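Take a look at the structure set out below.
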Amino acid sequence: MEIKKVLNGEKLEIFLSGRLDAVTSQDLDKVVSSSLDGVKELVFDLSDLSYIASAGLRSLLVAQKRMKKQGSMKLCHVNKDVRDVLEMTGFVDFLTIEED
Amino acid sequence: MGGERESRALTIEAAVENLTAVNAFVEELLEQMACPMKIQLQIEMAVEEIFVNIASYAYAPKTGAVTIRGAVAEDPLGLELTFEDSGIPYDPLAKADPDVTISLEERDVGGLGIFLVKKIVDDIHYEYEEGKNILTIRKNMV
C-alpha cells in the first residue's frame, strides 16, 4: 500500500492506495500516531483503495477517536467494495463519508 | 474437470508478515476458476481474518505452523478452504458477535474479523480433532 500525505495548514489529506490489510495497516497506524499534532481537519482519500480488512478498520477507528477530540475527519471517494465492509460492520454510522 | 477435484495446500508459519504469501496462495487457487472480483475480494478478506487470528492467538507468545488447504467444490461451484493449526483449542464461532450498532466511544474492533468472515462466507464450521483446530469455510461463486 502507498500512503501519501498532503498537509495544508491545519488540514491533512491522506491518500491511500492499494490494500489496507493486517500488514499495511501497521504503516497507517504509524502515520496516524505521528502526523496528527495540530491537525483540525483530516481527510482520507480512498479513490485508489481496493481492499480493507478489519485491521484497516481498526486504524480508521483509532484516527476517528483522536480526531473527535481535536477536529473532524472524513472519508472521500470510497469505492463500493470498501463501502460494503464499512456497512457490514456498522462503521458507516460513525464515520463521515462524503458522497461522490 | 470431470469430477477431478484439485486440492492444494500451503503450510506456513502463522505470522502476520506471511499474509502476502497466503494471499498469493489463494490467488493461485482462484486462477483455476472464473471468480467474480467481488467474490475474490470476499475470499481474500475471509482468509486474511482467519489467518491473522491464528497468527495472533493460536501459539502466542510463541509461534507455530498453519496449514491451509483449498479445493474447488461443486454443486454449486465454490471454493472450500480449511485452516489447521496445533495451537490452543479455540472455537472462533463460539464467541458472540460484536454489537455493530454501538457508538464510536464504545467501539473496539475485537471480534470484528470473525464477524466479517461469518457474514461473507456461505458455510463455516469448526472442529477440534487430534490436537488440532480445524476451521472450514466455503464460498460459493454465485
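The values are calculated or read from the model by the stated rules, or taken from the named source; none is laboratory data. Just so it is clear, the model here is predicted, and its values are computed rather than measured. Reconstructed Cβ throughout: ideal geometry from the backbone, glycine too, with neighbour counts over all protein chains shown.
For region A:1-39, the set of residues classified as among the basic types (Lys, Arg) and within 22 Å of residue B:107 (Cα to Cα) consists of A:30 only. For residue A:84, the conditions (1) within 10 Å of chain B (Cβ to nearest Cβ); (2) surrounded by fewer than 22 Cβ atoms within 10 Å (Cβ to Cβ); (3) within 19 Å of residue A:1 (Cα to Cα) all hold with the exception of (3). Here residue B:73 clears all of (1) in contact with a helix residue (DSSP H, G or I) (Cβ under 9 Å, 6 or more places away or on another chain); (2) among the small types (Gly, Ala, Ser); (3) surrounded by 15 or more Cβ atoms within 10 Å (Cβ to Cβ) except the condition numbered (1). For residue A:19, all conditions in the list (1) surrounded by fewer than 19 Cβ atoms within 10 Å (Cβ to Cβ); (2) within 11 Å of another protein chain (Cβ to nearest Cβ); (3) in contact with a strand residue (DSSP E or B) (Cβ under 8 Å, 6 or more places away or on another chain); (4) among the basic types (Lys, Arg) hold save one; what is the number of the exception? It fails just one condition, (1). Taken over region B:8-61, residues that are within 14 Å of another protein chain (Cβ to nearest Cβ), of a type in the set (Ser, Thr, Tyr) and either buried (at least 17 other Cβ atoms within 10 Å of the Cβ) or in contact (Cβ under 8 Å) with a residue 12 or more places away in the chain (or both) amount to 2. Across region B:94-118, the qualifying residues are those that are within 22 Å of residue B:22 (Cα to Cα) and either surrounded by fewer than 16 Cβ atoms within 10 Å (Cβ to Cβ) or among the aromatic types (Phe, Trp, Tyr) (or both), and the one among them that is modelled with the highest pLDDT is B:118.
Quick check on my filter: what residues within region B:129-142 are out of contact with any Ser or Thr (no Cβ under 6 Å at 6 or more places or on another chain) and assigned to a strand (DSSP E or B)? Correct list: B:129, B:133, B:134, B:135, B:137, B:138, B:139, B:140.
Would you point out the residue of region A:51-81, among those that are surrounded by 16 or more Cβ atoms within 10 Å (Cβ to Cβ) and more than 28 Å from residue A:9 (Cβ to Cβ), that is farthest from the other protein chains (Cβ to nearest Cβ)? Checked region A:51-81; the qualifying residue farthest from the other protein chains (Cβ to nearest Cβ) is A:52. Listed by first and then second residue, the pairs with beta-carbon distance under 6 Å, at least 6 apart or on different chains, first residue in region B:109-128 and more than 9 Å from chain A (Cβ to nearest Cβ) and part of a strand (DSSP E or B), second among the hydrophobic types (A, V, I, L, M, F, W, C) and surrounded by fewer than 21 Cβ atoms within 10 Å (Cβ to Cβ), are B:126/B:93; B:127/B:134.
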